[in-house]
Each structure stands twice: as structure tokens, then as C-alpha cells.
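Computed from the coordinates by the stated procedures, all read-outs in this text should not be read as laboratory data. All values derive from a computational prediction rather than experimental measurement. Cβ: placed from backbone, ideal geometry, glycine included. Neighbour counts: every protein chain shown.
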Amino acid sequence: MSVLIYVESNGSEIKKSSLDAVSYGAEVAAKTSGSATAVAIGNISPDQLSLLGKYGATNVLHVQGEAFNQNSPLVFAAAVIEAAKKTGAKVLVLPKSTLVDSFVAKVASQLQAGIVTNVTELPDLSNGFTVKRSIFTGKAFAHVSVSSDIKVITLAKNAFQGKETGGSTSVEALTVQLSDADLKVKTTNVEKTSGELLLTEADIVVSGGRGMKGPENWGILLDLAKALGAATGCSKPVSDMDWRPHHEHVGQTGVKVAPNLYIAIGISGAIQHLAGVNSSKCIVVINKDPEAPFFKAADYGIVGDLFEVVPKLTEAAKLLK
Amino acid sequence: MKILVCITHVPDTTSKISFTDNNTVFNSSGVQYIIGPYDEYALSRAIELKEQAGGTVTVLNVGEADTEPTIRKALAIGADDAIRVNATPKDAGFVAAQIAAIGKEEKYDLILMGRESIDYNGGIVHGLVADALGMPSITPVMKLDIENGLAKMTREIEGGKESVECALPFVAGCQEPIAEWKIPNMRGIMSARTKPLKVVEPVAVSDHVVYGSFQLPPAKGACKMIDPANPAELFTLLRNEAKVL
């Protein structure tokens, strides 16, 4: 089956979640004797485009133009639909991102494709096309079969690890004609905290809760995060009290993360917070209360005063490598 | 302004998740059902917009008769009337087709819902509805104001937020902090009992996606405790045992 993978960059590099998606798409293509084509939209350097070959893409369609420099859902949908039509793709694979969330349904609708989001494993092709997806915010999984001619799937974060296989790819420009209807949604301003690791892309996340006692104490947490190369998150009360910005709120109604390592500092572990982190590979909890419910969901725990433990951890982290 | 708010009827966020019938049916015994939290944010904002500019707020749910208490709660919060599509919401495509069928008839200026349901977490119904109605869809919207038919919104993006503009009509998937949840007052609860709740039968939809079986994640092993006097031990274990560093 011909497979099309949508990839996106963080401004300078292709995101890890996109590379994972390329590997996923390449494996589906290999299993079904098809080809894996990637579609990249916007300003992405030739080096980065050729990197996609190492992860299994054999062709890259690159869409450029002024309209593609803003994250407009309609414009991105139009580009992916055009790429799907051009390649005759039967399976579309997309990574999880807020941009994908905003346009993927339109792509599926226009292609009359069945769509499954939050997919966690390669499809089972032994009897049709069945994928496993995460439901109930990571508290369960469902096996879903897709019977439409074209299938659209988005991957859950960090569920499938991409790997370099050392291939190479051709890169081809793709021209996409936009209609007036594609330009109905206008982006007027973008506010991004620059120089920060993206919470959803990070391998390690360090989060703080009410146990931190106030925004003025965040320095020790930020130091630990810096020493580990980690992104920072927080619990809902912390963002509700404006100790930290809303986009750092990890939990059921905030950002869901799935890093290799999640370190929770002074977070008791309400079920709504756990829902946002339960896909993490390894969870460390630091809390002075040995009865904190978070310890039940943790792999490693330290019962102690975070204001003593965290600076010691930072010193130890600096000695790593 | 004529606003439609689509709500899900979902297990409370603290529910224990389990399945019956050989892992093919969600076990609803002992489960409390609520309006989807994201949907409730959408509903609250819709009611605020109506209070500012006039108009009507209709709530829509695709579900069997047992969802009516959830719909009545939405009416108590302040929606004017409700529609229930009498069917099990078996997947996003099915639900979206039902909403779109009603949207085509009723010509809403604005269709709001949560950015995703908290049970199946699909996050695609708003986009599917929008495309079926030839409208744009914007998600996840954390701020929404409307002036002279033009909506100004803030949507969350990775590591920040962006401002977007779009003319009505459109569909939006909402999340906090678009509005504060509203606690229904006694007058709201009393009047909800008599507000119109229309039940309609579903339209036929071809099944692209079929749910088979469910499974729970593997049980977590015991938490290994580390001496707070020697926290550096943690990194040794993370590197050599958990292999995540």
C-alpha cells in the first residue's frame, strides 16, 4: 500500500514525533509492498528533508509558499490532501501535534477515509487493518478495524520509536493551489516561549505541584530540568494560581505527555494529573508525604523535603554523562 | 446568534475503567456520568455569548435515553432547548454525521463542543462536522470573542498560543480557560424540567471504523523507594535498571 506520512518541524529541525511517524509509515509500506512518501510543509532545510530518508521515506514532497508559513488548518489540510491524491496514498500517517489535531479530520473527510487517532502500535494486517489506540486518557486501549479504502491514522505521542535505517530519499517540490475558502482562518499573532524545550516532544519532563509552595521557588526545579535537558510542566492548581503558564499544565484537561522519564516534584498525584502522565515510560515521584497517591503510580519514589532533595539531585545530574 | 453546543455523556474523570463481555463492553456499573468537561467549557462560553449579544443556545447529544439527565443538566446551566439523537455514539464518524445532519437543517451561526471527549479522546468530531457543513474548524480554542460576525480566538499551540480570526459560521473545539463552569441555580434546575428536549432518529452512516475489543494497560509494579539522604542513587537506577537515561 502506498503510504503518505505528514511531517512537521519545530522551526529548525524535524520533530522527533515526525521521525517516529516516518519509521511507522515505512514499516507499514514495507509490510504491504508499498512505498513511503513524506510530505513536509513550509520552510524546512534540505538537510532536514534528506534526514527523512534515513528513517525510511523514499520520496519527500515539499510544499512551500507564503500561505504555508502560518499554521492555518485549512491550508495544511489542502496540502496534505493534494499530496495524498498525487501519491494515491491508501494509508496516511500523522504524528500527534496541535496543528495535526486542527486539520486531520478535514483531510479524512475530504478523502472519505476512516480515521483513527492516538494509535499506539503498528497495524495488525492479518485480517484487514486493525490498530490499537489509547482511550480514557491512557487508562485503556481499544482495537479498532478500519475498512475504508483510504485510512488516516495519527500516532499517540512516543508510542512508537523511530529508528534510522540509513536509506536516502528524493525531494520533489509540490505545488498546491489554494482557494479563497482555504484562507478563511487567519493567524494574527503567535506567542511562543522561545528557547524552551517543547513539553510534548521532550524525552524527560520535570513537573512541579503545590508542594513547591510558590512561583518564587521554581528556580530549583528549573535547575534540575536544565541539568537533565528536560522540559518543565506543572499540575493544574499551579497553572490555575498562575504560578506557571497554562501551556505547562500537565493532566487530563491539560497537556498529555509520554516522555521516557517523568519526574513529579511536590505533586500529590490526583487521578486527573495521572491521566496526563500515565503513558510515560518511567515515573519518579518526590514528595514529603509517604501516603501521596502518586507513589502508587510511580516506578521510583523519594520521600523527603523537596527543597533539600531537588538541589542534591541537580548536583548529581550535573555529574552524569 | 444561533449557537449549537454538542455535549458528550461521559464517565466522571475519577471513574475506574473496566470492561465486561469478554472485554467488548465498557463496564458502566457504579460509574457516575457527567457532561464532558471540555464540552461544559464550550457550553459555559456559549451561554456568556448569548447573554452578551442575544440569541439561542441549543444543546445536542448523540446517545440513548439514559443520557437525558446529562442533557437536563446542560439545560439547567442555561441552554434554551435540546436535541437528542437517539443512538449509541459508536465512533467519531457516526457522531459527526448526526451533528452535521442537524446542522444542515438548522443553519447555526456557531457550533461549539469540547476539543475531545474524555472517554474515546478522538478529538476529530469538530473537524468532521465542519467539513461536512463546508465550514472551517478551529481547535483547541481557549478564548473566543465575537464582534460583528468576526470571531477572535486564541488557540493553544505547543509551547505557547496563537491568535486567529475567522468569520461566522464555523465549528470550534474548546478547552479551558475559555469560560468558567457555571453551577446551575435552583431556578435553572426547575426550568430545565420543562425546556424542550426533542428526540430525533439517527441518519444512516457507512461504517469506516469498527471498535472490537478493549484492554487495560499492564499493572504497574511496586514503587522502589530511594533514601532521601542519597538521592543520586536515583540516577544510577534510572540508567542501569530502568534504562531511561
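Below is a table of values for the structure above.
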read-out: Ranked A:Asp180, A:Asp149, criterion: other C-beta atoms within 10 Å, fewest first; value: A:Asp180, A:Asp149
read-out: Along principal axes, Cα extents of chain A, largest first, whole Å; value: 59, 45, 38
read-out: Sequence-separation-based contact order of chain B, relative, with Cα cut under 8 Å and 6+ spacing, percent; value: 24 percent
read-out: Cut-off of 10 Å, at most 15 other beta carbons, DSSP loop: longest stretch of chain B lacking such GluC sites (Glu not before Pro); value: B:65-179
read-out: Semi-axis lengths, Å, the stretch B:31-140, gyration tensor of Cα atoms, sqrt of 5 times eigenvalues; value: 19, 18, 14
read-out: Cα convex hull volume per residue for the stretch A:3-183 (Å³); value: 107 Å³
read-out: Over the protein assembly as shown - Rg/Rh using Cα atoms and the Kirkwood inverse-distance radius; value: 0.96
read-out: Normalised per residue, the volume of the convex hull around the Cα set of the stretch A:97-185 (Å³); value: 160 Å³
read-out: Residue of A:Glu13, A:Glu291, A:Glu164 that the Gaussian network model of chain A assigns the largest fluctuation, springs spanning Cα pairs under 10 Å; value: A:Glu291
read-out: Relative exposure of B:Met186, A:Met241, B:Met153, B:Met1, judged by other C-beta atoms within 10 Å (fewest first); value: B:Met186, A:Met241, B:Met1, B:Met153
read-out: Largest-first principal axis extents of the Cα set of chain B (Å); value: 63, 45, 42
read-out: Sequence-distant aspartates and glutamates (8 or more away, or on other chains) whose Cα lies within less than 12 Å of B:Lys220; value: A:Asp299
read-out: Fewest-first ranking of B:Arg155, A:Arg210, A:Arg133, B:Arg84, using other Cβ atoms within 10 Å as the exposure measure; value: A:Arg210, B:Arg84, A:Arg133, B:Arg155
read-out: Histogram of C-alpha separations across the stretch A:151-196, 5 Å bin width, %; value: 4, 9, 8, 9, 19, 21, 20, 9, 1
read-out: Tail fraction, Cα-Cα pairs, the stretch A:204-318, threshold 17 Å, whole percent; value: 46 percent
